[in-house]
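All remarks here apply to the structure that follows.
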Amino acid sequence: MTNQDIEKLKRNNLELQEIINNSWDGIGIIDENTKFIYINNAFMPILGFSKEELLSTNFSSLMEDKFKESFLNLLKNTDKSKKYKAEIDLVCKRKDKKRVYLKITISTMLNNNLFVINTKDITSQISDDEILNDYVISMHTDLHGHITKASSAFCKLSGYDEKELVGKSFSSLAHRDSDLIIYKNILSNLENFQEWSGKLKKLKKDGSTFWINLRAKPIYNKYGDVTGYTYLMFDITEEINLNDSSSLLKSEISKAKDEIEQKDKLLLQKSKLAIMTETLQMLSHEWRQPLNLISIQAQKLEINYSMNKNPSKKETISTLETIHDEAIKLSNTIESFQKFLQLKNQKEEISFDKILSQAIEKIGLEYDIKDIIFEKKTKKDLIFKSLKNELIDVLINIIKNSIEAFDRNKITKKKIKINQNQIDDKIIIEISDNAKGIDEDIIHQVFEPYFSTKEQKHGVGLGLYMSKIIVNIHLNGIITAKNNTDGTTIKISLPYEK
């Protein structure tokens, strides 16, 4: 390297340092123990410490205790064989003892023992969120109608802690005088991508009554998929004449009953149309290869005869047999899809605990599952009507995906948790693994036919798609996927039919 090259490298290095130092974000380098190795100028005003003070301390020592473990786990669980990037929100204590909310993006360096942390001060944004949380009565639910988040204002109004509410169905807070038909109508509207508004009578934790004016609407992610529902509420208890509450409730029930039949029919038609579209896509995929082969073989025969290269009788028969075999495959494909979409089985009384055991037993014939811990929490005495074999197929497809993810991600302590419960008129089934989860950018695609990427093949093929069709169309339920702390959770809601 010439002196000129060395000088150019020095200038580039100085320019890079200047860019980093003048960044609005705090940029630092920490080791595995979170000790600061380097910080830029923006880090100091964010935390209120001098450069020397920060370089002599560990970043984790500035965090509030409840955030330390999560941050350290992110560093500990790094896949050091590839570029690593993660994001976490946490709270630190400044030198003046004030709390500062930070959004931290963690990246590995070429030296895998060091991490770059990009730090944004989001205190102002969080403060706005906290104001909304304290004064706006609201909550979120998942697609199954189960509460995922409740504002402090709602907790104050209802008397519940948020931890007590999360996981409950929204309808479980209904007053005993309420009719669940109203809540079915709410979900029916939301499933049709429509808002719902009306008055509801609710029950506080202490058993007393309160009234809300509710507005509910779907929540969309950046891809346009519905990921849950949001509920904005106003306390109208004082405005309601409690003597007239009975007639008001009857009016809401009558209105709901009038609308719900129409909305159920509309939802069913939409579901069938979506299934027809996806089925056509699947058929075209299944047919493409054999049709290409038939076309190639036929063209080969035509070319040979047109060029007077008369093939032997044996060659001609072999080609025709190939075409015949491929045609049979096409016919079998049609029959398999027809059989699948038009199930002839009748619903029967089943115990989920028993069919789960049958599903695991069948999987054990195909996979080595001795090193997998199955944690089962099921209601053995809960009997309901469903399609037994189809539900077993769904369970097998989901568990197979977890097993393949274990192998792909080289998980040593493999665990699958299966929980089953009854909430209101729903059977809730949750299947969770610790196989590292699915990229958030593609998790919304796992139920699509032939979904796959080169980097990740969780949900490849038709297994989860078939499961979605069985659950949505034949079992009249809902199936969703989301990431948990260590992996993926598939959640199924089925109607409780006696």
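Each value in this text was obtained by applying a stated rule to the coordinates, not by laboratory testing. Computed from a prediction, not measured in an experiment: that's the story for all the values here. For neighbour counting, all protein chains shown are included, and Cβ atoms are generated from backbone atoms with ideal geometry for every residue, glycine included.
Across the stretch 484-493, coupling constants 3J(HN,Hα) worked out from phi with the 6.51/-1.76/1.60 Karplus curve, θ = phi - 60°, read 10, 4, 10, x, 10, 10, 9, 10, 10, 10 Hz, and Gly and Pro carry x. For the stretch 86-97, backbone phi angles converted through the Karplus equation (6.51, -1.76, 1.60; θ = phi - 60°) give residue-by-residue couplings of 8, 9, 8, 9, 8, 10, 10, 9, 5, 4, 7, 6 Hz, Gly and Pro being listed as x. Restricting the stretch 145-194 to GluC sites (Glu not before Pro) that sit in a DSSP loop and have at most 16 other Cβ atoms within 10 Å of their own Cβ leaves nothing. Based on the alpha-carbon gyration tensor of the stretch 349-459 and its eigenvalue square roots a ≥ b ≥ c, which shape applies: rounded if a/c is under 1.5, prolate if not and a/b is larger than b/c, or oblate? Verdict is prolate for the stretch 349-459.
Phi-derived couplings, Karplus 6.51 cos²θ - 1.76 cosθ + 1.60 at θ = phi - 60°, listed residue by residue for the stretch 471-477: 5, 5, 8, 7, 9, 6, x Hz, with x used for Gly and Pro. Sorting 396-404, 228-236 by average packing, meaning the other beta carbons within 10 Å per residue, from highest down gives 396-404, 228-236.
Under a 5 Å amide H cut-off, with hydrogens placed 1.01 Å from N, Lys379 pairs with Gln420 among residues at least 5 apart or on other chains.
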